[in-house]
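The values are calculated or read from the model by the stated rules, or taken from the named source; none is laboratory data. Only a predicted model underlies this, so the values are computations on that prediction, with no experimental measurement involved. FYI the Cβ positions are ideal-geometry reconstructions off the backbone, even for glycines, and counts take in every protein chain you see. Calculation scope for accessible area: heavy atoms of the full protein, side chains included, ligands and nucleic acids excluded. Shrake-Rupley method; radii C 1.70, N 1.55, O 1.52, S 1.80 Å.
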Amino acid sequence: MSTPLKVGIAGLGTVGGGTLKILSEHADMLAARCGRPVVISAISARTRNKDRGVDVSKIRWLDNPVSMATDPEIDAVVELIGGADGVARELVEKALQNGKSVVTANKALIAHHGIALAMMAEKTGALLAFEAAVAGGIPIIKALRDGLAANRFRRIIGILNGTCNYILTSMWETKRSFDDVLKEAQAKGYAEAEPSFDVDGIDTAHKLAILTSLAYGCAPAIDKIYVEGIRRVSLRDMEFAAELGYSIKLLGIASQTEHGIEQRVHPCMVHKESPLGTVHGVFNAILTEGDAVGTVLFEGRGAGAGPTASSVVADIMDIARGVAYKPFTLPVASLAKLPFYGMENLRCSYYLRLSVIDKPGVLAEVTSIFKKEQISLRSFLQHSHKPGEPVNLVLTTHDTQESSMLHAIDAMAKLESVKEKPYMIRIENL
Ligand SMILES: NC(=O)c1ccc[n+]([C@@H]2O[C@H](COP(=O)([O-])OP(=O)(O)OC[C@H]3O[C@@H](n4cnc5c(N)ncnc54)[C@H](OP(=O)(O)O)[C@@H]3O)[C@@H](O)[C@H]2O)c1
């Protein structure tokens, strides 16, 4: 029998538990596919006597997960604790410095410290693998690094956060507010008690930074991403969107433009029947546009024990097979420092909702602001309303520069007849 790959698993929660389960239940199949067995040499978590859903009584327990980095009985470390810093970072750094390959699902760690970690891996020849860090069970990292490697990418667009997609889908299907649906999602365990990481777009930004790096050969730049979450999306906006033929999704978008690499995370209107417009609930999807291959769509479960562990174990199998690659495709020294794109340069169509007092001349005031900013109107919607109540005016534009749109919104917010800050949603053509 060939030499087994001995792994240490740090973190036995949702993903760690799923990883234990696959490694034990599929052990024979994995050994056959890798040409050598994968054995769990040691495990670690915070609490020793928790039920992990799998019998772990015969596996060596380590109180301190960081000790895996120097443990002679461990060839590769699987970090499933989480967090950009703290124990997870210390463990990964020490393991790589000691020449032990690392598998992690930790997008925050990779988005913030990926380059420093990749340099450590390069120095010692260890592998740093993070397929599970982006879109859970969807093998998008391997696809960008391997299967689509012959392409220049025009755009990468993803629904990368299942919690946000669940909330938006549920708001629309049950006709409830963001706050109501968020509370329900928290009760069901789909959203964290502290939801801002998800609903404010930060988690999507972490994943987008990693995808941008792989697609465009640059270092992940989380601080160069425009980020706007879904808290301001209302059922009213969804109803207007549907009337216009759109649904609303939180998208992470990276694209190559004449001004540099554009990276943005924000709610978007996409055609209801478009490939991303039909991705609902907790599902994730990523649409890639390559110059040679054209459009390729990946869709699947972006979180949960089974899907995420599926990607973790695939990375462990790469290590067992002796597969070698650079974490961000290119050696760190060759990663470009591309000029990044400011949102003011963005050109797209916009949806704009204004809550106004219905009186003669309001529309003329609004259109004169559009004229001053050279914004061309594409459509206009207004519903009947009760006398004395503010009315929603909905306008969509042809392609417009973001800076013009922002000036127009500032000017409109100052109008006496406009009752609340106008809300705009960008429209993405897919
Ligand atoms: N959940 C998903 O669907 C998903 C999807 C993609 C990526 N990820 C990523 O996967 C990683 C793990 O997520 P998860 O959802 O599995 O988290 P989780 O369920 O909260 O599990 C975290 C595990 O880490 C252990 N842990 C926490 N602090 C520790 C410490 N100081 N020392 C030792 N062990 C510690 C916990 O121990 P106890 O069990 O004893 O408390 C627990 O076993 C994160 O980076 C996350 O972003 C998760």
How large, in percent, is the carbon and sulfur part of the accessible surface of the chain at a probe radius of 1.4 Å?
51
For the stretch 144-257, what size does the Cα cloud have along each of its three principal axes, sorted from largest down, in whole Å?
44, 34, 25
q = 0.11 Å⁻¹: log10 I(q)/I(0) that the Debye formula gives for the chain, counting C-alpha atoms only
-0.85
If one builds a Gaussian network model of the chain from Cα atoms under 10 Å apart, the most fluctuating residue listed among Leu109, Leu128, Leu406 is Leu406
With Cα springs under 10 Å, the Gaussian network model of the chain assigns the largest mean-square fluctuation among Glu173, Glu289, Glu90 to Glu173
Could you tell me which helices of the chain pass both thresholds, a Cα extent of 18 Å or more along their own axis and a mean Kyte-Doolittle hydropathy of at least -1.0, with helices taken as whole DSSP H runs?
107-124, 202-216, 305-321
Round to the nearest 10 and report in Å² the accessible area of Glu73, as given by a 1.4 Å probe over the protein chains' heavy atoms.
90
Using a 1.4 Å probe, what is the accessible area per residue for the stretch 143-225, in Å²?
39
Hits among lysines - C-alpha to C-alpha of Lys359 under 25 Å, sequence gap 8 or more where chains match
Lys371, Lys372, Lys386, Lys414, Lys419, Lys421
Taking only Cα atoms and a 10 Å spring cutoff, compute GNM fluctuations for the chain and point out the largest among Ala191, Ala336, Ala221.
Ala336
Between the stretch 350-415 and the stretch 29-55, how far is it from one alpha carbon centroid to the other, in angstrom?
59
Put Lys58, Lys175, Lys249, Lys272 in order of accessible area, largest first, 1.4 Å probe: what do you get?
Lys58, Lys175, Lys272, Lys249
Segments 230-236, 158-164 sorted - mean Cβ within 10 Å per residue, highest first:
158-164, 230-236
Could you give the spread of the C-alpha atoms of the stretch 276-430 along their three principal axes, from largest to smallest, in whole angstroms?
73, 36, 27
For the stretch 9-135, list log₁₀ I(q)/I(0) at each q in 0.14 Å⁻¹, using the Debye formula over Cα point scatterers of equal strength and ignoring solvent, two decimals each.
-0.58
How much accessible area per residue does the stretch 361-418 have, counting only protein heavy atoms and a probe of 1.4 Å, in square angstrom?
56
With every protein chain present, what is the per residue accessible area of the stretch 66-112 (1.4 Å probe, Å²)?
34
Treating the stretch 311-400 as a set of equal point scatterers at the Cα positions, no solvent, please give the Debye-formula log₁₀ I(q)/I(0) at q = 0.11, 0.12, 0.14 Å⁻¹.
-0.59, -0.62, -0.68
Let me know the shape class of the stretch 85-189, please: from the alpha-carbon gyration tensor, a ≥ b ≥ c as square roots of the eigenvalues, rounded when a/c is under 1.5, otherwise prolate if a/b is greater than b/c, or oblate.
oblate
Ellipticity estimate at 222 nm from DSSP helix runs (n ≥ 4, -39,500 (n - 2.57)) divided over the chain, nearest 500:
-10000 deg cm²/dmol
With a 30 Å threshold on alpha-carbon distance, the violating pairs from Lys207/Lys272; Lys183/Lys326; Lys21/Lys107; Lys123/Lys337 are Lys183/Lys326
What order, most packed first, do the peptides 352-362, 17-27 have when packing is the mean number of other Cβ atoms within 10 Å of each residue?
17-27, 352-362
